[in-house]
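The values are calculated or read from the model by the stated rules, or taken from the named source; none is laboratory data. Because the structure is predicted, anything quoted here is derived from the model rather than measured. Glycine also receives a Cβ, built like all others from the backbone with ideal geometry; neighbour counts cover every protein chain displayed.
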Amino acid sequence: MGNVIFTSKATAKNGRDGHVKSDDGLIDLNLVNPATNKEDKGSNPEQLFAATYASCFDGALNLVASNQKKDIDSETTAEISFCKDEKDGGFKIAATLNVSIKGVNQEEADKLVNDAHEVCPYSKATRGNVDVTLNARAE
């Protein structure tokens, strides 16, 4: 492990049909498996991962843009899909990152998104394990 800057902590109980809570109480959510329960309200691991990946990626994008002296306004939406894994019959996730960028043309937007994908900690963590589709849109 590298030089730790900070550590976040959350505890889940009863898996996909349970509860998750962060140690500071900011996250305190009932979990509902949308594949088997369409009636109850609650979050799920894919929704939580979508929120964290989107925020991390957008931060990396803005850092990359700043380092390249580009003044942008961006928004990243992550779609995390729960999928059947055809290789082993189990399950896996896939990600699509839809990134809107104001202040650059399409070619620059594509480059910024690809560059951000190289440095984003979540992109690094998923590389080789999760299929990630990048969709950049200059506005």
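Observations, loosely collected:
- Residues (surrounded by 15 or more Cβ atoms within 10 Å (Cβ to Cβ) and out of contact with any strand residue (DSSP E or B) (no Cβ under 6 Å at 6 or more places or on another chain)) located in segment 53-81: Cys56, Gly59, Ala60, Asn62, Val64, Ala65, Lys70
- Per-region count, segment 102-136, residues of a type in the set (A, V, I, L, M, F, W, C), crowded, with 20+ Cβ neighbours inside 10 Å, within 12 Å of the chain's Cα centre (by Cα) and part of a helix (DSSP H, G or I): 0
- Leading residue by the ranking (farthest from Val113 (Cα to Cα)) among those in segment 25-55 that are touching a residue at least 24 places away in the same chain (Cβ under 8 Å) and part of a loop (DSSP other than H, G, I, E, B): Ala35
- Residue check, Ala78 touching a Cys at 6+ places or on another chain (Cβ under 6 Å), modelled with pLDDT of 95 or more and either of a type in the set (Ser, Thr, Tyr) or assigned to a strand (DSSP E or B) (or both): no
- Assessment of segment 16-24 against the conditions (in the same structural domain as Leu134 (by TED's automatic domain parsing), surrounded by 11 or more Cβ atoms within 10 Å (Cβ to Cβ), in contact with a Ser or Thr (Cβ under 9 Å, 6 or more places away or on another chain) and touching a residue at least 12 places away in the same chain (Cβ under 8 Å)) yields no matching residue.
- Residue match in segment 56-66 (condition: assigned to a loop (DSSP other than H, G, I, E, B), touching a helix residue (DSSP H, G or I) at 6+ places or on another chain (Cβ under 6 Å) and either not aliphatic (A, V, I, L, M) or not assigned by TED's automatic domain parsing to the domain that holds Val130 (or both)): no
- Members of segment 88-101 that are surrounded by 12 or more Cβ atoms within 10 Å (Cβ to Cβ) and under 25 Å from Arg16 (Cα atoms): Lys92, Ile93, Ala94, Ala95, Thr96, Leu97
- Matching residues, segment 81-92, being free of Cβ contacts under 8 Å to residues at least 12 places away in the same chain and in a strand (DSSP E or B): Cys83, Lys84, Phe91
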